[in-house]
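This report concerns only the one structure given below.
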Amino acid sequence: MADLVAITNALAAQITQYTGLRALGQARDQITPPCAVVLPGRAGPFLLYGTTMDENFTLNLMVLVLITDAAPVDASQRALDAYLGIDHGDGSGQSIPAAILKDPSLGGTVEWCEPVTADAYGRVEYGGIIYFGARISCNCGCI
């Protein structure tokens, strides 16, 4: 049986370790950007049962990347782009998808985790406040 708290904490820790961006494994009432928050996924079903022959299921998680609560400027847009894996040729750091793929098992908490899509680039709402950010959807294979 998968431990959701352990999985979200492992994903958050791996993002912080490889990108330097502070990532939270659980939702908070208030946050201070820049940061990432790991939440149950919004794209598709949260749990998808019976996807493999060995009774595993797929867990859909979302990494909400929040850069600033102010209007985006060039520096904040470049920072968000770098976290999403968009290269501006300036070597601006490790992306979140690349950080996830450094250890797809998230320290052994899942069989695999893969970043699938990025969306909602721009205005993103969290806790009733509008931020500049984006969402990265991840699928995790769980026992």
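The values are calculated or read from the model by the stated rules, or taken from the named source; none is laboratory data. Please read all numbers here as calculations on a predicted model, not as lab measurements. Here the Cβ is made from the backbone with ideal geometry for all residues, glycine too, and neighbour counts use every protein chain on show.
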Residue in the range 51-65 that is among the acidic types (Asp, Glu), assigned to a loop (DSSP other than H, G, I, E, B) and at pLDDT 90 or above present: no
Extreme residue, nearest to residue 12 (Cα to Cα), among residues of the range 117-143 that are among the small types (Gly, Ala, Ser) and under 15 Å from the mean Cα position of the chain (by Cα): 137
Out of (1) at pLDDT 95 or above; (2) of a type outside the set (Val, Ile, Thr); (3) more than 14 Å from residue 8 (Cα to Cα); (4) surrounded by 15 or more Cβ atoms within 10 Å (Cβ to Cβ), the odd one out for residue 102 is which? (4)
Pairs only if they're at least six apart or on different chains, beta carbon under 8 angstrom, first in the range 64-86 and over 17 Å from residue 125 (Cα atoms) and touching a residue at least 12 places away in the same chain (Cβ under 8 Å), second small (Gly, Ala, Ser) and part of a helix (DSSP H, G or I); list them, first residue then second. 85/98
Sort through 124, 110 and tell me the only one that's surrounded by fewer than 20 Cβ atoms within 10 Å (Cβ to Cβ) and either part of a loop (DSSP other than H, G, I, E, B) or of a type in the set (Val, Ile, Thr) (or both). 124
